[in-house]
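Please read the structure below before turning to the comments.
The values are calculated or read from the model by the stated rules, or taken from the named source; none is laboratory data. The structure presented is a predicted model; accordingly, all values stated were derived computationally and were not measured. Don't worry about glycine lacking a Cβ; one is built from the backbone with ideal geometry, like all the others, and counts go over all protein chains shown.
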Amino acid sequence: MHPGLIGCLPSRELLENWNKREAELIASDSERVPPLALPPNEQAAVMGRLKGDAAAAAAKEGARTVPPREHGGNCDIKDLTKGSRIYFPVYVKDGGLSMGDLHFSQGDGEITFCGAIEMAGYLDIKVSLIKDGVKKYGIKNPLFKNSPLTPTYNDYLIFEGISVDEQNKQHYLDVHVAYRQACLNAIEYLKKFGYTGEQALSILGTAPVQGHISGVVDIPNACATLWLPTEIFDFDLHPSVDGPVNFVTPGKDLSIAT
């Protein structure tokens, strides 16, 4: 279990930088579906304690909290759980640390967007300060020290993907395309055992799968891998000369060991 979203408030300078660079990205292909980024949306902004004119002004330029940025944000790191440690850059007085989006279980990448098992809960944290830590250690993004509590499995099926999309279009070292292809390969594989595509996608979003960038040096293809723990299933998921055996009632039985 972990907070999908955690980080410190940006400074005025950093916020303006975010809005400028993301607006430039959107303008490069403004009709794209889905869009390249999401600009501030004052109608949807939740302003907390701000009221009146101050709230209205802030809503017009407030950054969306969905993506990860320099301050932390919505990073969805499944191993950021009890016993872990985080080092955040601090940009404003008092830091403005906030957190939320608690997940009970999730696979690397949260590939279904809201596919993790969400939960109510609380965070018990201790905060300390390293004065001038950013300058001392030369970082511009958070550092994480992993928890001793990790989803531990001994056997995986590892699906590979490269930077070639479903339309056979070649991309240049694109790890997003490569990881998507690894996930699609895993989904098609699981469908051979009787899962629906929706069930297979849900498994990859909620089970503690591992995502790896396995190669980013051999042009034109990046290689990404998705590690699916076989021990979460109550039947043998490995390939065999006899081919897959349907163990699942389509649309009903997920057949995953709890």
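Just a few scattered comments:
- Residue pairs meeting the criteria (Cβ under 8 Å; at least 6 apart or on separate chains; first under 15 Å from LYS60 (Cα atoms) and among the acidic types (Asp, Glu), in segment 22-48; second in a helix (DSSP H, G or I) and modelled with pLDDT of 90 or more): GLU42/ALA56; GLU42/ALA59; GLU42/LYS60
- Members of segment 1-60 found to be closer than 30 Å to VAL209 by Cβ, out of contact with any Gly (no Cβ under 6 Å at 6 or more places or on another chain) and part of a loop (DSSP other than H, G, I, E, B), listed by number: MET1, ARG32, VAL33, PRO34, PRO35, LEU36, ALA37, LEU38
- Residue count, segment 191-237 (criterion: farther than 19 Å from ASP165 by Cβ and outside any helix (DSSP H, G or I)): 19
- Taking each residue of segment 194-206 that is on the phi < 0 side of the Ramachandran plot and looking for partners that are charged (D, E, K, R) and part of a helix (DSSP H, G or I) with beta-carbon atoms closer than 7 Å, six or more apart or interchain, yields GLY197/LYS191; ALA200/LYS191.
- Selected residue (criterion: surrounded by the most Cβ atoms within 10 Å (Cβ to Cβ)) from residues of segment 15-71 that are more than 26 Å from LEU102 (Cβ to Cβ) and β-branched (Val, Ile, Thr): ILE26
- Residue satisfying all of: in segment 61-84; in contact with a Phe, Trp or Tyr (Cβ under 7 Å, 6 or more places away or on another chain) and in a strand (DSSP E or B); nearest to SER147 (Cα to Cα) among these: GLY72
For (1) in contact with a strand residue (DSSP E or B) (Cβ under 9 Å, 6 or more places away or on another chain); (2) assigned by TED's automatic domain parsing to the domain that holds LEU9; (3) assigned to a strand (DSSP E or B); (4) of a type in the set (A, V, I, L, M, F, W, C), each residue gets a yes or a no:
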position	(1), (2), (3), (4)
VAL90	no, yes, no, yes
ILE111	yes, yes, no, yes
TYR122	yes, yes, no, no
LYS135	no, yes, no, no
PRO151	yes, no, no, no
GLY161	yes, no, yes, no
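- Of residues in segment 199-214 being within 15 Å of the chain's Cα centre (by Cα) and of a type in the set (S, T, N, Q), the one modelled with the lowest pLDDT: THR206
- Check on VAL245, surrounded by fewer than 16 Cβ atoms within 10 Å (Cβ to Cβ), within 23 Å of the chain's Cα centre (by Cα) and either at pLDDT below 95 or not assigned by TED's automatic domain parsing to the domain that holds HIS103 (or both): no
- Taking (1) closer than 20 Å to PHE144 by Cβ; (2) in contact with a Pro (Cβ under 9 Å, 6 or more places away or on another chain); (3) not hydroxyl-bearing (Ser, Thr, Tyr) in turn, GLY95 satisfies each apart from (2).
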